[in-house]
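Heads up: the structure comes next, in structure tokens.
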Amino acid sequence: AYYLADFKESCDEAMALYQRVLELNPNSEGANNNIGHILEHHHQKYAEAIPFYQKAIDLLPSETRYYRNLSHALYKVGGDENNARAKELLETALEKDPTNGSNWKHWGDYHWNVASDLPAAKKAYLEGLKHEPKNALLLSNLAEVYFVHYKMYDIAFTVFKKSIEINASDYALAM
């Protein structure tokens, strides 16, 4: 089901499989998280994804990915209360695992997309790169900050190039 969810035409099949898993085991944190992911990323049903992500956290509070996912859904729904909760969740993820580059990437994304604080986003991406220097998403987002906010085009190009070199196969598929 996990791999089916990556393909838009197979999302309904993946959703049905995950729902079947929950019928058999309602305490499957992975199935709850992945249903949330399908709802959020393939159907843009952010509010509907929230309880699935929350249940995944309740079932496995050590998994920071679930905090990041819930945070993203909350800030996509928007509103001051949801944005504040999204920030708290990312802070929790960073407290639980401050060396996880994805935690820093989402912290940077929050600052960019919600707080409109590009210097804080840059700082988060750079911190993430200290822990995961070959994280292509951190590099790509950092390059965008250099390009959009700082107008440092040469640096942006160099960082983009490094991101593409690390993740060449994904970029080649997109072309």
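Things worth noting here:
- If you check ILE57, ILE35 for being under 26 Å from TRP112 (Cα atoms), open to solvent by less than 60 Å² (accessible area, probe 1.4 Å) and either in a helix (DSSP H, G or I) or not hydrophobic (A, V, I, L, M, F, W, C) (or both), only one passes: ILE57.
- Members of segment 68-77 found to be of a type outside the set (Val, Ile, Thr) and open to solvent by 20 Å² or more (accessible area, probe 1.4 Å), listed by number: ARG68, ASN69, HIS72, TYR75, LYS76
- Taking each residue of segment 19-45 that is among the hydrophobic types (A, V, I, L, M, F, W, C) and looking for partners that are outside any helix (DSSP H, G or I) with beta-carbon atoms closer than 7 Å, six or more apart or interchain, yields VAL21/SER28; LEU22/SER28; LEU39/LYS45.
- Residue list for segment 113-153, restricted to those being of a type in the set (S, T, N, Q) and assigned to a helix (DSSP H, G or I): ASN113, SER140, ASN141
- Evaluating ASP109 against the criteria (1) in a helix (DSSP H, G or I); (2) open to solvent by 70 Å² or more (accessible area, probe 1.4 Å); (3) closer than 21 Å to GLU144 by Cα leaves one unmet condition, (2).
- Residue within segment 51-74 that is under 19 Å from ASP12 (Cβ atoms) and out of contact with any Pro (no Cβ under 6 Å at 6 or more places or on another chain) present: yes
- Restricted to segment 124-157, and to residues there that are open to solvent by 50 Å² or more (accessible area, probe 1.4 Å) and among the hydroxyl-bearing types (Ser, Thr, Tyr), the residue that is farthest from TRP104 (Cα to Cα) is TYR153.
- Complete set of residues in segment 73-84 that are over 12 Å from GLN54 (Cα atoms) and part of a helix (DSSP H, G or I): TYR75, LYS76, VAL77, ASP80, GLU81, ASN82, ASN83, ALA84
- Qualifying residues in segment 11-28 (those that are part of a helix (DSSP H, G or I) and either open to solvent by 60 Å² or more (accessible area, probe 1.4 Å) or in contact with a strand residue (DSSP E or B) (Cβ under 7 Å, 6 or more places away or on another chain) (or both)) - the one modelled with the lowest pLDDT: ASP12
The values are calculated or read from the model by the stated rules, or taken from the named source; none is laboratory data. Everything numeric in this text was worked out from a predicted model, so none of it was measured. Heads up, the Cβs are rebuilt from the backbone with ideal geometry, glycines too, and the neighbour counts pull from every protein chain shown. In case anyone asks, the SASA skips ligands and DNA or RNA and just uses the protein heavy atoms, side chains included. Shrake-Rupley method; radii C 1.70, N 1.55, O 1.52, S 1.80 Å.
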